[in-house]
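The values are calculated or read from the model by the stated rules, or taken from the named source; none is laboratory data. Computed from a prediction, not measured in an experiment: that's the story for all the values here. Cβ placement follows ideal geometry from the backbone for every residue including glycine, while neighbour counts extend to all protein chains displayed. Accessible surface areas use protein heavy atoms only, side chains included; no ligands, DNA or RNA. Shrake-Rupley method; radii C 1.70, N 1.55, O 1.52, S 1.80 Å.
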Amino acid sequence: MTQSAERRTWLRGSFLDLLPARAREELLRLGSLLTYPSRHVLIREGDPGHAVYLLVDALVKVTALAENGSRTLLSIRASGDIVGEMAPLTDRPRMATVTTCKRSLVCVLKSRVFTAHLARTPVVAAVLSQVTIDRLRFANRRRLDFAGYEADVCLARILVDLAVRHGRPHREGIDVGVPVTQAELGELIGIKERTVQKAIHDLSARGLVLRRHRGVIIRDLDGLADFADLRFQSPG
């Protein structure tokens with residue numbers, strides 16, 4: 001049932017990537033491999049947490065409703081990541097909605113199966129703790145960016161992060177690999193869409209990026225990282 005899952009290359013630093021091979025294979029065997037179409041809602045905010053999802057070959061957006069009723073993009077998760085684990089662990093309703101961005105292969109585990117496995121498998125619990133801490137550090141880094149940098153630098157920093165994690169080669173540079181609108185980019189870094197538009201225009205004028213309807217092409221990743229005030233080395 002899980003041969004195709006076990007042989008995949010996971011996103012570096014993701015939950016499945018960090019697990020030792022034997023522990024990963026054992027965990028995947030506990031669930032069911034299911035394929036979902038693009039724009040399918042895996043998890044709905046406010047629902048009970050009956051299942052945990054391991055992203056085998058998937059790309060999803062995590063969103064939540066703000067107090068004013070608008071939906072906000074919180075994060076993007078991809079192959080190797082785990083989603084939906086917080087509700088079962090805290091016995092509380094879902095805090096966010098998770099929606100597929102493409103046709104996605106997912107390993108679905110019943111919550112009680114997952115929590116029981118954590119209790120008897122310390123290595124899996126330890127890796128989950130590490131992933132949770134990494135996500136908290138990322139969120140804290142974003143908050144520091146908001147306070148310490150102008151909007152165009154904040155945007156450059158998140159674009160570099162997306163390119164490193166999800167990017168794919170493009171004839172004009174690197175596609176950030178995520179179908180994200182300018183409004184959603186603004187949600188990720190806490191700025192208005194019109195401010196994102198101006199920042200992308202400025203970065204484009206510098207020859208660093210190209211604008212697209214749903215996404216961005218990075219023409220000069222090293223130059224963008226330098227503009228973003230990041231210590232960075234291109235992959236490869």
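Numbers at a glance
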quantity	calculated
Residue list for segment 201-220, filter: more than 21 Å from THR72 (Cα to Cα) and at pLDDT below 90	ARG211
Every residue from segment 145-160 that is in contact (Cβ under 8 Å) with a residue 12 or more places away in the chain and open to solvent by 60 Å² or more (accessible area, probe 1.4 Å)	PHE146, TYR149
Identity of the residue in segment 55-79, within 23 Å of TRP10 (Cβ to Cβ) and among the polar types (S, T, N, Q), that ends up modelled with the highest pLDDT	SER79
Qualifying residue in segment 106-118 (condition: of a type in the set (S, T, N, Q), touching a residue at least 24 places away in the same chain (Cβ under 8 Å) and either out of contact with any helix residue (DSSP H, G or I) (no Cβ under 9 Å at 6 or more places or on another chain) or not in a helix (DSSP H, G or I) (or both))	no
Unmet requirement for ILE82, which otherwise passes all of (1) open to solvent by less than 20 Å² (accessible area, probe 1.4 Å); (2) touching a helix residue (DSSP H, G or I) at 6+ places or on another chain (Cβ under 6 Å); (3) within 25 Å of ILE158 (Cα to Cα); (4) at pLDDT below 95	(4)
Options ALA96, ALA66: the member that is free of Cβ contacts under 8 Å to residues at least 60 places away in the same chain and either touching a Cys at 6+ places or on another chain (Cβ under 7 Å) or buried (at least 20 other Cβ atoms within 10 Å of the Cβ) (or both)	ALA96
Residue within segment 44-54 that is at pLDDT 95 or above, within 21 Å of PRO122 (Cβ to Cβ), aliphatic (A, V, I, L, M) and crowded, with 16+ Cβ neighbours inside 10 Å present	yes
Selection within segment 119-130 - part of a helix (DSSP H, G or I) and either modelled with pLDDT under 95 or surrounded by fewer than 17 Cβ atoms within 10 Å (Cβ to Cβ) (or both)	ALA119, ARG120, PRO122, VAL123, ALA125, ALA126, SER129, GLN130
Test: LYS198 is at pLDDT below 90 and either surrounded by fewer than 20 Cβ atoms within 10 Å (Cβ to Cβ) or under 22 Å from the mean Cα position of the chain (by Cα) (or both)	no
Selection count, segment 76-88, where residues are touching a strand residue (DSSP E or B) at 6+ places or on another chain (Cβ under 9 Å) and free of Cβ contacts under 8 Å to residues at least 60 places away in the same chain	6
Any chance LEU210 is over 23 Å from LEU144 (Cβ atoms) and in contact with a Ser or Thr (Cβ under 8 Å, 6 or more places away or on another chain)	yes
Residue identified as under 19 Å from the mean Cα position of the chain (by Cα) and closer than 18 Å to GLU184 by Cβ among LEU18, LEU11, LEU55, LEU59	LEU59
